[in-house]
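The structure appears right after this line, and notes come after that.
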Ligand code: IPM
Ligand code: MG
C-alpha cells in the first residue's frame, strides 16, 4: 500500500495538463502515493447541474491531501445557458467548486508564496520574497448575497443603520447586496498563521492589509486582532497598510515586504499582484490549508483557450505539489523540487512560452523532474 492517498482533481481547461506535469515531478522525487481521481468542474455543471458532485466530496474526506488543477467558472447567465436542456429552469445555480471546498473543509489559510527565482526573465526584481496569507472561508466570499433585496432584509438594515436610508427609494430589482462577514475566530487564526510562518521562516515583518479607515467594522476587527496577536511574537514586527496603498508599495518597493495577511477578497487581489512581480501566474502556487486537510493548486485559472495545447507553464502546479510535500512533512522531497525548479530557471535552457521559450508543459516538467531525481 502506498504511504499517502491523494485526491487528484484536475478540473478543466489546462488543469489536467498542469497536474500531469506535477505528477511527473512527484514521481521523480519518489513520492509514494495512490492518486484518487475526482470529478470536478464545468463538465459536471453542464451534465449534472453540480460542478462539485457529492462523490468527489467523499474522496476528499478519505484522502490525506488534495491536488487541484483549475476550473472554468462563468457568470450566472452564461452558466445557466450551458446547462443540459433537461436541467434548465430547475433552480440549479453555479458556484465555484474551489470556494465551496475551502468553506466545506474549513481550509482557512490560503498561503501564496511569491518568491523570485533568480534568472527568471519575467521577474520584476530579483530580490522579492513575499508570502500572502489570505483568509479563505469568509469575508466577501461568504456567499450571503441578495438580488433582488427582500423588503424584510432592507427594513432590518434601515432600522439598524441610518446609512441604509439613502437607498430606501431604490427598487428591489435595482439593488444588490453582498455581505462582508468577518468573525473574530476567522481573523485571529489567519493572522496567527501568518505570524507563525514569519517566525518559523525568519521573516521580520507581517503586514496586515485592510482598509480600517473606511470599512470600519470588518477591516477594523482584522487590524485590532492583528495588534493583539502580534504581542505573542516579539521578534516579528506588525506593519499596517491600507489595501490601495499596498498595491502601490508592492510596485514601488516590493523587496521591503515579507509576509502579508489579508481578508478573502483583498488577499485574492494582492496575491495576483504579488504573483506578477515574480513572473506571473505561471509561478504562483497556493495552499488551502485547514487544521487537518489541505488542497494545493496553481493560482492560475483554467485558461480555456490553451486547453490541450500543452503550452502553459507548469511551474505553478509543480510548486503547489512541492507545498503539498512540505505540508505532509516530506520536506526533503519538497526541497529537491524547489531546488530543481530554481536550477532549471537559472540555467534558462528550457523555458515555456511565457518566459520567451518554446518548451512544452511536459518538457518543462521533464527538465525539472530530471534535476529533482538527483
Ligand atoms: C483564486 C481564484 C478563485 C478565487 C476563483 C477561481 C474563484 O481567483 O484562487 O485566487 O477567487 O479565490
Ligand atoms: Mg484569484
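Read-outs: derived from the displayed coordinates by stated rules, not from any lab. On a predicted model such as this, the values are computed, not experimentally measured, just so you know. Positions of Cβ are backbone-derived with ideal geometry, glycine not excepted, and every protein chain shown enters the neighbour counts.
For segment 188-321, take the convex hull of the Cα atoms, compute a quarter of its surface area, and give me that in nm², please.
9.4 nm²
How high is the FRET efficiency from residue 240 to residue 161, r the C-beta distance, R0 25 Å, rounded to 0.05?
That gives a FRET efficiency of 0.45.
Please report how far the C-alpha centroid of segment 89-148 lies from that of segment 1-65, rounded to the nearest whole angstrom.
So the two Cα centres are separated by 18 Å.
Would you compute, for the Cα atoms of segment 81-231, the largest minus smallest coordinate along each principal axis and list the three values in descending order, in whole Å?
53, 45, 30
Could you compute the FRET efficiency for residue 80 and residue 37, with r as their C-beta to C-beta distance and R0 at 30 Å, rounded to 0.05?
It comes to 0.60.
Can you pull the one-decimal nm distance between simple spin-label points at residue 125 and residue 217, each 7 Å off the Cα toward Cβ?
About 3.9 nm separates the two model spin labels.
Given all pairs of different Cα atoms, what value in angstroms does the Kirkwood hydrodynamic radius of the chain take?
Radius from the Kirkwood sum: 21.8 Å.
Along the Cα→Cβ direction, 7 angstrom out, place labels at residue 252 and residue 46. What is the inter-label distance in nm?
Rounded to a tenth, the inter-label distance reads 4.8 nm.
Please list the three semi-axes, largest first and in whole Å, of the ellipsoid equivalent to segment 1-124, using sqrt of 5 times the eigenvalues of its alpha carbon gyration tensor.
29, 20, 14
Hey, what did the chain get for relative contact order, percent, Cα under 8 Å, at least 6 apart?
23 percent
Of all DSSP beta bridges located in the chain, what percent are antiparallel, nearest 5?
Taking every DSSP beta bridge with both residues in the chain, the antiparallel ones total about 40 percent.
Sticking with the crude label model, points 7 Å out along Cα→Cβ, report the distance from residue 184 to residue 147 in nm, one decimal please.
A separation of 3.4 nm, rounded to one decimal place.
Whole number please: convex hull volume per residue, Cα atoms of segment 87-156, in Å³.
204 Å³
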